[in-house]
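See structure below.
The values are calculated or read from the model by the stated rules, or taken from the named source; none is laboratory data. What you see is a predicted model, and the numbers here were worked out from it, not measured in a lab. Cβ: placed from backbone, ideal geometry, glycine included. Neighbour counts: every protein chain shown.
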Amino acid sequence: MNLMAELWTQANPPTLTARLEVVSSFAAIVRNLGPANFIYSDSEILFVHGHQCTTTGHKDTLSAGLFILCRTCSPTKEKLKIEGMNVSLEHNQQKVLLVATIPLTNENWIPLAEGEIHAIARGQVLASIKQKETPVY
């Protein structure tokens with residue numbers, strides 16, 4: 001977080017490119033310490049970094065550290081049934097992006113490659129980096 005703090009000392013918010021460079025540098029450092037799958041948000045952008053599978057019982061079938069799935073929700077009119085409340089939800093088509101350590105459904109979850117970083121906002125990937133592994137010195 002100290003690395004990211006320097007970007008926010010300017011009058012204007014940092015660019016996506018500048019933020020992605022800082023997250024990328026951090027990811028390269030922590031990958032040398034062991035499995036480094038992480039999700040980080042700076043309150044505007046969600047950054048996801050996939051490294052290696054750490055989920056117990058899945059190492060034989062899964063090699064990715066994180067998976068993503070893009071969904072589009074259809075417009076609906078629905079009512080939440082909560083005792084004592086009457087809440088009606090009306091929404092237009094909404095795009096969402098789910099991130100998980102293992103696929104949660106039988107849908108087409110996309111594995112992140114080792115060292116892959118996505119910058120996500122409003123249900124879509126804004127930018128991506130695929131890093132090569134950093135050599136250990």
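State the number of residues belonging to region 114-137 that are in a loop (DSSP other than H, G, I, E, B), modelled with pLDDT of 75 or more and surrounded by fewer than 16 Cβ atoms within 10 Å (Cβ to Cβ). Before you say what the answer is, go through the steps one by one.
Start the filter on region 114-137 by keeping residues that are in a loop (DSSP other than H, G, I, E, B), which leaves 114-115, 122-123, 131-137.
Adding the requirement that they be modelled with pLDDT of 75 or more leaves 114-115, 122-123, 131.
Of the ones still in play, those that are also surrounded by fewer than 16 Cβ atoms within 10 Å (Cβ to Cβ) are 122-123.
Adding up the residues that qualify gives 2.
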Of the residues in region 96-112 that are closer than 17 Å to R31 by Cβ and touching a strand residue (DSSP E or B) at 6+ places or on another chain (Cβ under 6 Å), the one that is surrounded by the most Cβ atoms within 10 Å (Cβ to Cβ) is L112
